[in-house]
Each structure stands twice: as C-alpha cells, then as structure tokens.
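The values are calculated or read from the model by the stated rules, or taken from the named source; none is laboratory data. Not measured: the values here are computed from a predicted model. Note: ideal-geometry Cβ built from the backbone for every residue, glycine included; neighbour counts use all protein chains shown.
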Amino acid sequence: MASPLLHNSHGSRPTEVFEDFFPDGVVAIDFAQEARTLLIGTQSGHVCLMNQNGDRLVEDRGFAGLRKLVWSDSGDIGAAVLGENRLLCFDARLKPLWDASITGRIISIAIAPYGSHIAFSSDSARLHIVTADRKEIAKVETRRAMEHLTFLTEAPELIGAAEFGQLCRFDLAGKEIWNERLMNNAGDMSVSEGGKRIFLAAFNHGVQVYDRKGIQLGSFAIDGIPGRVSASATKDRVAVMTLENRIFWLNFEGTIQWAVDISQDPPAHICTGPLGDRLFIATQSGCVLHVAWP
C-alpha cells in the first residue's frame, strides 16, 4: 500500500486502487452500486464523477453552496442540497434537470436506487417525497426532524431516523409502516440487504443493529465512539468510522477484519462497495482513497 494514511493498520490488509486529491475539501461522497461510479462533492461546489479505477469522467464546478450529495445506484440521476434550502436534481453529465427552494433548512436527503424518487427532510420536522420529474407525492409531519434517510432497494419504501426520537419506515405515499422509539443519538445510518439490517452509529452506545421491522438485534462494540457507518448491500461487511479517527472493517457478526488509525489526516466520509470488497475514504485534507480486498 503506497498511501501513508494506511501505514498504521492491522488485520486483513487491502490493496490501494487509487488515491486522488480535492484540496478544497470533500463535502460528500456516494457510490452507484450498479453503475460502479463514485460521486464526489467539495466545499467550493466542485462535483466530480469517477469510475472505480479513479478516472475522472465528468466534472462541474457550478454547485456553489454544496452541502449534501446523493447518487442513484443506476448512475443516471443525482441530487444536491445547495445552501440552506435549495434542492437541485441533475443527470449523469452533472447537468441540472430542475431545482427548487423550500421553506426551512434541508437536513437530510436520499435518492431511490434507480433515481425515480427523492426524499428530503427539513428542520421543521417535515418529510417530503418527490418524483424525478419534480412532482411531490407525499409530505409528512414527523415528531422529530429526520436526520437520516435511505430508500430500500427491494421495496418502494424508505427508512428514516431522528435524533433521540424515532426509527421509522414509510411507503412512497408517506404512510408510516412502523415506528420504533430510539433511546440513543445517531450520527449516521446505513441499510443493507434490502432493509433486513439497519445499522446506526450510536456514539457511546456503539453500532446498533435493527431488523426490517425496527426490532433491535444487538450492537457492535468497538474501540472508540462510532460517528459514521456504511454497510455493503450484501450481508458481508460494515465500515465504521470513529470520533478518534479510526476506521474499522467488520463482518456482519461484528468481528473486526481490518482497522486503521489515520489521525494524521482525519477521515470525514466513508462509503462501502455493494459486495463488501471495497471501501472509499475521504479525509479532511481532501484526499479520496479507494481500497479493495480480494
């Protein structure tokens, strides 16, 4: 492994696929599970689409005020939050399809696997679901603002999590299918196996694991305070990033396969490939690193 970021690691060592740099700082990364493309957004509004070999395919610097970014698994449609309340939908060439402004601050966003729907929540505790052609099909008043949203791959539904409040499942009409009370704060959420496993990075309470009905199955205890989590689509691997600047690579039983301390350039974002064989890491300096296991 050439990158000095990975020198302080142990376990099943991965190979480095590529390393790239975005010196203005990475705001978000997202990986298209079917198209196998990585979308990267920076603080200056630079958005870059790359293949998994690290080749830059398309770039656009017109996303001023970029805060959040999501990319469909099909690699056809993406959505971005610009500033406090502007939602922008764009195509595979990163060209705008439409944009809209809402009342309030957008705090989370998700896109359906094939880009058919976009969901976002605001700080006024409203959840909105719109189609790819901008038609709003649901507006839901929730008890607390949904901090994390994820569409399911095997059903026209989505999972939402609120700080110190709810873990919920909705259909596309906004009907609540179930609602479970959360006793922990959640810094991040990742959904695997079409919703069979839901992982929450619950800070001092470790990584909490739930099933498709919102029933808690247990938790993973690791050395540190989990702030971010990313699980593969298949029942294989989970990546966990801690507030102590460590990244853990675990199987679905919670056994650590690999761990790395990259305090010299703290990690900001992680994203796991769908088969659990690759991991994308973005650091505070703007380094984007792709590693893979055989």
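For the reader, a short list of remarks on this structure follows.
- Taking the listed residues Gly206, Gly218, the one that is more than 13 Å from Ser190 (Cα to Cα), over 16 Å from the mean Cα position of the chain (by Cα), surrounded by 18 or more Cβ atoms within 10 Å (Cβ to Cβ) and of a type outside the set (A, V, I, L, M) is Gly206, with no other qualifying.
- Scanning the stretch 116-154 for residues that are touching an Asp or Glu at 6+ places or on another chain (Cβ under 9 Å), assigned to a strand (DSSP E or B) and touching a residue at least 40 places away in the same chain (Cβ under 8 Å) yields a count of 5.
- Scanning the stretch 223-249 for residues that are among the basic types (Lys, Arg) and crowded, with 23+ Cβ neighbours inside 10 Å yields one hit, Arg237.
- The residue list Asp91, Asp73 contains one member that is buried (at least 21 other Cβ atoms within 10 Å of the Cβ), at pLDDT 95 or above and either at negative phi or not aromatic (Phe, Trp, Tyr) (or both), which is Asp73.
- Among residues of the stretch 63-80 that are in contact (Cβ under 8 Å) with a residue 24 or more places away in the chain and closer than 13 Å to Ile107 by Cα, those with a Cβ under 8 angstrom from a residue that is outside any strand (DSSP E or B) and among the hydrophobic types (A, V, I, L, M, F, W, C), sequence gap 6+ or separate chain, pair up as Ala80/Phe63.
- Among the residues of the stretch 122-156, the one identified as of a type in the set (D, E, K, R), touching a Lys or Arg at 6+ places or on another chain (Cβ under 8 Å) and buried (at least 17 other Cβ atoms within 10 Å of the Cβ) is Arg126.
- Residues (aliphatic (A, V, I, L, M) and either on the phi > 0 side of the Ramachandran plot or in a strand (DSSP E or B) (or both)) located in the stretch 200-231: Leu200, Ala201, Val207, Val209, Leu217, Val229, Ala231
- Hits in the stretch 173-190 - residues which are in contact with a helix residue (DSSP H, G or I) (Cβ under 6 Å, 6 or more places away or on another chain) and under 16 Å from Arg212 (Cβ atoms): none
- Index of the failed condition, Glu180 passing every other in (1) modelled with pLDDT under 95; (2) part of a strand (DSSP E or B); (3) under 14 Å from Val191 (Cα atoms): (3)
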